[in-house]
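Report on one structure; see the data block that follows.
Values quoted throughout were computed directly from the atomic coordinates according to the rules given, and no laboratory measurement underlies them. Every value quoted in this text rests on a predicted model; they were computed, and no experiment measured them. Cβ sites come from the backbone with ideal geometry, for glycine too, and all protein chains shown count toward neighbours.
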Amino acid sequence: QVQLVESGGGLVQAGGSLRLSCVASTNIFSISAMGWFRQAPGKQRELVAGIASGGDATVYTDSEKGRFTISRDNAKNTVYLQMNRLKPEDTAVYYCNIGPTIPSLWLVLKSNDWGQGTQVTVSS
């Protein structure tokens with residue numbers, strides 16, 4: 001079972017920035033896609049961004065394009081999410097998770113295996 005530890009969340013004013021980190025304890029990190037997900041109160045968990053195993057391909061949901069950047073360091077088993085120009089609607093608990101490919105990350109939404117997440121709160 002993969003252990004996922006997210007960090008870097010906090011309280012920030014609208015327009016501010018945060019950088020989230022996720023360390024995955026698995027020996028298949030470098031051959032796996034990674035995704036950042038979030039769940040706002042009363043809403044379903046959603047995929048925010050995904051990155052292929054080699055970091056050469058990324059996907060973002062429309063509202064995050066141009067504001068968020070996903071990256072990874074395979075030597076550190078770590079995936080990052082740089083979030084700029086944050087909005088109050090970005091407030092959520094942010095999680096990372098792993099999948100064989102970027103398209104599989106949407107199936108990961110059905111998984112019950114999640115880390116503790118990191119809370120991001122954006123004040124207006």
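If a paramagnetic tag sat 7 Å from the Cα of Ser123 along the Cα-Cβ line, which residues of the range 67-98 would have the backbone N under 14 Å from that point?
Only 88 fall inside the zone, counting backbone N under 14 Å.
Test of understanding: what is the full-extension gain from Lys65 to Trp114, defined as 0.36 nm times their sequence separation minus their Cα-Cα distance? The partial results should precede the final answer.
On the way: separation 49, 0.36 × 49 = 17.64 nm, distance 2.44 nm.
Stretched out fully, the Lys65 to Trp114 stretch lengthens by 15.2 nm.
Defining a contact as two alpha carbons under 8 Å apart and six or more residues distant in sequence, what relative contact order in percent does the range 1-81 show?
27 percent
Could you check the spin-label model distance between Thr58 and Val2? Points 7 Å from the Cα along Cα→Cβ, value in nm.
1.8 nm
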